[in-house]
Amino acid sequence: MGNKQEKPKPQQQPVVQAKGPNSTIAAIGTMKKNQEQVNKRIELLDKKCAGFVKIAKEKMKKGDKRGAMFALKQKKLYAKQQQQLENQVLAIQQQIVVLEGANMNRNVVQTMQIGNNATKAAMRGIDIDTVEDLRDDIADMMDMQDEIGTALGAEIGMGFDEDEIENELRDLEVENTEAMFEGVDDMGAVPSLPDATTTMPVAPTAAPTIKPQIKKQNSEDAGLAELEAMMA
């Protein structure tokens, strides 16, 4: 039997792992550093362009038209490179904005995932049937507590007949009333008021007379005269 050649097994493609937030932040930092370097290069080229323009003006003053044209050609070379670098800076800035947005979206998604997992963990083992059973148990316990309280507050032994007690109370009131009138045999024994027509005094009809006081005044004058004589 001939030896069969075994087919080579296909190689597994390496799994590309998603970069974490630290890798994204590191990439953003690297891109910003490169952007700063490019900006410095642009500033240098801008100075060189300004220098060639100055040289061209000086050549024109001296009448060296050829030298002025050569300086302007050099200036255009650097200006073209400057424009290319500015476009690169813009492209880097666009990538930075995209990465920052992606990093923010990642953080939001992770936050939502954490909240979702926490909610699932909190609600684990809880469903509507469990809640309804719990409410029924609580209601049954409350009813049982009411029944227990009613049983404990009920009277123990023989109760009281309210009608009988009210009858006894009426009998006592009758006895008290009879005691108040005890000893009074005849209402006629109560003394009557005097007759107003026989006992009231008669009002005087004549006007009152005023007695003269001349005699009393003369005696006072005589006494005063006698006193003055004794003091003389």
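Structure values in brief
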read-out	value
Some residue of the range 28-39 being in a helix (DSSP H, G or I), within 54 Å of the chain's Cα centre (by Cα), at pLDDT 90 or above and of a type in the set (D, E)	yes
Residue match in the range 188-198 (condition: modelled with pLDDT of 80 or more, assigned to a helix (DSSP H, G or I) and of a type in the set (G, A, S))	no
Failed item, numbered, when I126 is tested on (1) among the β-branched types (V, I, T); (2) farther than 30 Å from G29 by Cα; (3) in a helix (DSSP H, G or I)	(3)
Count of residues meeting criterion [surrounded by 10 or more Cβ atoms within 10 Å (Cβ to Cβ), free of Cβ contacts under 8 Å to residues at least 12 places away in the same chain and among the small types (G, A, S)] in the range 100-125	3
Test for I42: is it in contact with a Leu (Cβ under 6 Å, 6 or more places away or on another chain), at pLDDT 75 or above and within 26 Å of V97 (Cα to Cα)	yes
Some residue of the range 61-78 being more than 54 Å from the chain's Cα centre (by Cα), surrounded by 13 or more Cβ atoms within 10 Å (Cβ to Cβ) and of a type in the set (D, E)	yes
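The values are calculated or read from the model by the stated rules, or taken from the named source; none is laboratory data. Every value quoted in this text rests on a predicted model; they were computed, and no experiment measured them. Glycine gets a Cβ as well: all are built from the backbone with ideal geometry, and neighbour counts include every protein chain shown.
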